[in-house]
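Participant: The structure under discussion is supplied below as structure tokens; questions concerning it will follow.
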Ligand SMILES: [Zn+2]
């Protein structure tokens, strides 16, 4: 999986070893699952096949808060407890058994119903799953332990207006009276956390890998279909580069990707089905600031590293995340070039060094390590290793490791022993410094980074940050010379901020003239006070192909030049921005607080901004809307109710935002009184939360 906004948010994976793995091997699950979108419930007919390894009288599947409706196997006794389904019999070693039953449940997590219960009319609802860290056993009896791999063949019964996407091959779609039955089949076994389903108003774009061996399905919400090219740009190259670099053919039947609303992470690598956050759905302009290449490559790399070979436990989590991060970087190197590759490595080395210098460095083989360690230190570990043993040995070892352990579970030793088998280079220091050392070896990384000319220049320029402009003029000037480099140009601009404007002006002029959108974006990011003499240059930022730049520039221009506010608002009235409508939201807010601008539309404009707090919208949109409404200090009763809905949102960052905003509002008497007057409209859960907190 790939976390987006919080690198330090620990990854929770199962560390609890059940002894059951020595007693039973679950082989196959065949199930028909009905997803009830009205009651938000799941019911199913479920059949499991297992082989007994040691005589026993009971085995179990994990199953959280499930009701057993009917037992369909005669010889095996089936019972439920709070978090398990038990199968009882006098089971004999080497025998294979089948158990069949019907069950239902109301999943508290793992399966999410999004966009229901909303007053927004053109809303489209979705249902999707997130198994890793959340446990598939909340909606499907399965194993929380990653070490027993199962072949899952699941049919989904879903209302007719949904497209259903799941693991494996869709064999048939059958029409029933009030629903469609989607029949999926898998050929190979996988860990239960990789089971996935997504339902929604999706349309499919089809392609195939360049080798022709793998069908590729790419989905988008039907309203986003115009963004297909820009969202999935490079999808075939990404697939091809990974197959080439890894040296082992893509191991599954097909590959599908679907963006969903309110996803918990950036992306998740369910077997054959990567689910990713809708925020990566971009148009051509959005692509410049926020593209799906890295996340796409990262999740696809997991189809080998994580799905084909799976860690035995989280001590070896880097075998998933370090490898996926590393191979995604190799993909980006081919697409975006060497400078990009080295700059990304430089950035992660900086982050790791800062942490390490604070004494907070972590061993790679630490089951409780942060994501920064598993992902970035993991990737660096592979960069160092390849440099040490050479490309040939490295590539061959990776290939041997995957082939020897395919469809099984692995430990770090399993990978290292393949490297050791092929190289004469002693690896003791490497193991000590990179696998078992908490301090980050930044000197070693610097030697690699300095193989790249850009990084050498960048480090020289960055070393001037504390020096006054007068003493480094020629270096700033040179960094902005044609053809400007993105990274050097941005660094030069950031060093200008805080300098005497008269002195800095010629360099700002030069930076504007580079016409490089990232260099110009650095100006929008760092120059909030705009001198009159740079006004027209600054205004030209509103035409840049970057929604980040446009949002910043609009706000800064509006603040600096009140006499031109109408002109700026007119000019940007049609710009929406990213999926989270960043520019649109700012525009609506500025419209409202520019008192003489479109006064006749005030109510309509407010209504448009205000409705974006609804659960019918993505949490990113809602967060912007709440933020702006707070700034203009105007909440409708509906906004308060929407905020209460947010305090239980599955995305923890948004949930936290809503709770903090609620705390702030409750400190103000006017808001607090209005909120109190609404308590009777809260749900029971909301009422309890509210009354306990205030
Ligand atoms: Zn990942």
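Participant: Quickly estimate the mean residue ellipticity at 222 nm for the chain, helices only: each DSSP H run with n ≥ 4 gives -39500 (n - 2.57), and the total goes over all residues, rounded to 500. Each step should come with its number before you reach the end.
Facilitator: Working: 25 runs with 273 residues, N = 694.
For the chain, the value works out to -12000 deg cm²/dmol.
Participant: Please list the three semi-axes, largest first and in whole Å, of the ellipsoid equivalent to region 24-200, using sqrt of 5 times the eigenvalues of its alpha carbon gyration tensor.
Facilitator: On the way: eigenvalues 175, 52, 45 Å².
Semi-axis lengths for region 24-200 are 30, 16, 15 Å.
Participant: How do 22-31, 372-381, 142-151 rank on mean C-beta neighbours within 10 Å, highest first? Mind showing how you got there, number by number?
Facilitator: Details: 22-31: 18.0, 372-381: 25.5, 142-151: 20.9.
Those peptides, ordered most packed to least, come out 372-381, 142-151, 22-31.
Participant: Quick check: Cα centre of region 123-169 to Cα centre of region 193-252, how many Å?
Facilitator: Cα centroid to Cα centroid, the span is 19 Å.
Participant: Hey, can you rank 399-407, 329-337 by average C-beta count inside 10 Å, highest first? Walk me through the numbers before you get to the answer.
Facilitator: On the way: 399-407: 16.1, 329-337: 18.9.
Result, highest mean Cβ count within 10 Å first: 329-337, 399-407.
Participant: Let me ask you something else. Report, largest value first, the span of the C-alpha coordinates of region 632-694 along each principal axis, in whole Å.
Facilitator: Extents along the principal axes: 29, 27, 19 Å.
Participant: While we're here: What ratio of Cα Rg to 2.2 N^0.38 Å holds for the chain?
Facilitator: Values: Rg = 27.5 Å, N = 694, 2.2 N^0.38 = 26.4 Å.
Against the compact-globule rule of thumb, the ratio is 1.04.
Participant: Relative contact order for region 134-231: what is it in percent, counting Cα pairs under 8 Å that are at least 6 residues apart?
Facilitator: Working: 163 pairs, mean separation 25.1, N = 98.
Averaging sequence separation for qualifying contacts and normalising by length gives 26 percent for region 134-231.
Participant: Cα convex hull of region 25-128: mean projected area in nm², to one decimal?
Facilitator: On the way: hull surface 28.9 nm².
One quarter of the hull surface, i.e. the mean projection, equals 7.2 nm².
Participant: Here's a follow-up. Contact order normalised by length for the chain, with contacts defined as Cα pairs under 8 Å and 6 or more residues apart; what percent is it?
Facilitator: Normalised by residue count, the contact order of the chain is 9 percent.
Participant: State the extension gain, in nm to one decimal, for the chain segment bounded by residue 687 and residue 69, taking 0.36 nm per residue of separation less the distance between their alpha-carbons. Don't skip to the answer; put the middle values down first.
Facilitator: Details: separation 618, 0.36 × 618 = 222.48 nm, distance 3.26 nm.
Here the segment from residue 687 to residue 69 would lengthen by 219.2 nm.
Participant: Further, regarding this structure: Using only Cα atoms, tell me the angle between helix 412-422 and the longest principal axis of the chain; keep it within 0 to 90° and round to the nearest 10.
Facilitator: 80
Participant: Sorted from fewest to most neighbouring beta carbons within 10 Å, what does the list 502, 545, 418 look like? Before the final figure, lay out each step's value.
Facilitator: Numbers: 502 9, 545 13, 418 21.
Ordered from fewest to most neighbouring Cβ atoms within 10 Å, 502, 545, 418 come out as 502, 545, 418.
Participant: What is the extension gain from residue 456 to residue 432, computed as 0.36 nm multiplied by their sequence separation minus the C-alpha to C-alpha distance, in nm to one decimal?
Facilitator: On the way: separation 24, 0.36 × 24 = 8.64 nm, distance 2.84 nm.
Once the chain is fully extended between residue 456 and residue 432, it gains 5.8 nm.
Participant: On to the next question. Could you give the distance between the Cα centres of region 623-639 and region 553-602, to the whole Å?
Facilitator: The two parts, judged by their Cα centres, are 17 Å apart.
Participant: Angle between the Cα long axis of helix 637-646 and the longest principal axis of the chain, 0 to 90 degrees, nearest 10?
Facilitator: 50
Participant: While we're on this one: Only counting other Cβ atoms within 10 Å, I'd like 302, 671 sorted with the fewest neighbours first. Let's see the in-between values first.
Facilitator: Values: 302 27, 671 18.
Exposure proxy ranking, most exposed first: 671, 302.
Participant: Across 5 Å bins from 0, what is the distribution of all Cα-Cα pair distances for region 573-694, in whole percents?
Facilitator: Binned Cα distances yield the sequence 2, 11, 22, 22, 19, 12, 8, 3, 1.
Participant: If I model a spin label at residue 213 and residue 594 as a point 7 Å from the Cα along the Cα→Cβ vector, what separation in nanometres do I get?
Facilitator: 5.8
Participant: Taking the number of other C-beta atoms within 10 Å as the exposure measure, put 106, 243 in order starting with the fewest.
Facilitator: Numbers: 106 15, 243 19.
Result, fewest neighbours first: 106, 243.
Participant: Relative to the longest principal Cα axis of the chain, at what angle does helix 378-389 sit, 0 to 90 degrees, rounded to 10?
Facilitator: Once rounded, one gets 90 degrees.
Read the figures in this text as sums done on the coordinates, not as results from a lab. Worth saying up front: this structure is predicted, and the values here are computed from it rather than measured. Cβ: placed from backbone, ideal geometry, glycine included. Neighbour counts: every protein chain shown.
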